[in-house]
Amino acid sequence: MTTTHHLPAGKAADGLYTVDISPESAGWGHAALRVLELAPGGWHSFDTGDSEWIVLPLSGSCTVATAGETFRLTGRKSVFSGVSDFAYVPRDAQVSLASRNGGRFALTGARCAERLPARYGPASGVPVELRGTGGCSRQVNNFGAAGVFACDKLIAVEVITPGGNWSSFPPHKHDEDRPGEESELEEIYYFEFADHEGTPGLGYQRVSPSGHGRGTDVLAEVRGGDAVLIPDGWHGPSMAVPGHDMYYLNVMAGPGAERSWLICDHPEHAWIRDTWPDQPVDPRLPRYTAPSQ
């Protein structure tokens, strides 16, 4: 069992970035993630280079200035407190972030060819989906999903899994280009957990070989600030220990001409979907919904 694709908190840090995963550091071609921490009154500038980015507050608020536009992001207290607004910034641009009260901000990125306009994404426009039932219940915030928000290559969503539940189940993959059936996408999982009376949470992430790509094989205990790189393979389940809700941010991108999220379920576990209509959704969900405006 290899854990080279598991990056514990701090392992991928660089300066103000507590996480800095580039295509080069990941050893692939497209997806990227940075998590930026700013102190009160702090600011940071970066060049987008050959990639498009979505700036997503994890905690706190900020302003984002780029391409002649300035976006004021209201943000949120934490990933467990509400949906956040966000800003899209194009490739070949200079970006400046500033935060009066400080905070943490995810920069989800993907190499791309097309330069789209900088835009603001309101929290009210984020579809909140409840996926699965029973012990497979989870909440998906589709802020940067294909078909929801326009990007050239980038796909990004948030998932909240109540304590004791399994998400990313049944295990699924997207490591082959099969038009109309499966997309070829690299993926990053970034984790945070709700604590209990000061005790930090944790969970487990499984990735098993699919017979394609590199034979990625991971069974990792994950904690807040950890990331898992998934270039290929069946990924799931993502398991939240009882008493601690789990959050993960998914960042995906690939070489396909069409920006789409098409998955193939593991044939040994796909049957679980047939049981969902006979069970209620976990009553702890939704953890929250998008604001009306």
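If a residue has to be open to solvent by less than 60 Å² (accessible area, probe 1.4 Å) and closer than 17 Å to residue 125 by Cβ to count, how many in segment 65-107 make the cut?
Going through segment 65-107 one residue at a time, the tally reaches 11.
Any residue at all in segment 151-159 that is under 24 Å from residue 112 (Cβ atoms), out of contact with any helix residue (DSSP H, G or I) (no Cβ under 8 Å at 6 or more places or on another chain), assigned to a loop (DSSP other than H, G, I, E, B) and of a type in the set (Gly, Ala, Ser)?
The answer is no, given that none of the residues of segment 151-159 is under 24 Å from residue 112 (Cβ atoms), out of contact with any helix residue (DSSP H, G or I) (no Cβ under 8 Å at 6 or more places or on another chain), assigned to a loop (DSSP other than H, G, I, E, B) and of a type in the set (Gly, Ala, Ser).
Could you tell me whether any residue of segment 233-241 is open to solvent by 20 Å² or more (accessible area, probe 1.4 Å), at pLDDT 95 or above and within 16 Å of residue 186 (Cβ to Cβ)?
Yes: one or more hits.
So that you can scan it fast, the table gives a plain yes or no per residue for (1) in contact with a strand residue (DSSP E or B) (Cβ under 7 Å, 6 or more places away or on another chain); (2) without any contact (Cβ under 8 Å) to a residue 60 or more places away in the chain:
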| site | (1), (2) |
| --- | --- |
| 8 | no, no |
| 11 | no, yes |
| 15 | no, yes |
| 35 | yes, no |
| 38 | yes, no |
| 47 | yes, yes |
| 54 | yes, no |
| 64 | yes, yes |
| 77 | yes, yes |
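Which members of segment 133-171 meet the condition of being open to solvent by 20 Å² or more (accessible area, probe 1.4 Å) and either β-branched (Val, Ile, Thr) or in contact with a Cys (Cβ under 8 Å, 6 or more places away or on another chain) (or both)?
148, 152, 153, 166, 169
How many residues are β-branched (Val, Ile, Thr), closer than 25 Å to residue 31 by Cα and buried (at least 17 other Cβ atoms within 10 Å of the Cβ) if we restrict to segment 242-293?
1
Return the total of residues in segment 89-132 being farther than 30 Å from residue 171 by Cα and aromatic (Phe, Trp, Tyr).
1
Look at segment 180-200 and say how many of its residues are open to solvent by 40 Å² or more (accessible area, probe 1.4 Å) and touching a residue at least 60 places away in the same chain (Cβ under 8 Å).
Counting residues in segment 180-200 that are open to solvent by 40 Å² or more (accessible area, probe 1.4 Å) and touching a residue at least 60 places away in the same chain (Cβ under 8 Å) gives 3.
The values are calculated or read from the model by the stated rules, or taken from the named source; none is laboratory data. These figures come from a predicted structure and were not determined experimentally. Counting neighbours? That spans all protein chains shown, and the Cβs are built from the backbone with ideal geometry, glycine included. Note: accessible area is taken over every heavy atom of the protein model, side chains too, but ligands, DNA and RNA are not part of it. Shrake-Rupley method; radii C 1.70, N 1.55, O 1.52, S 1.80 Å.
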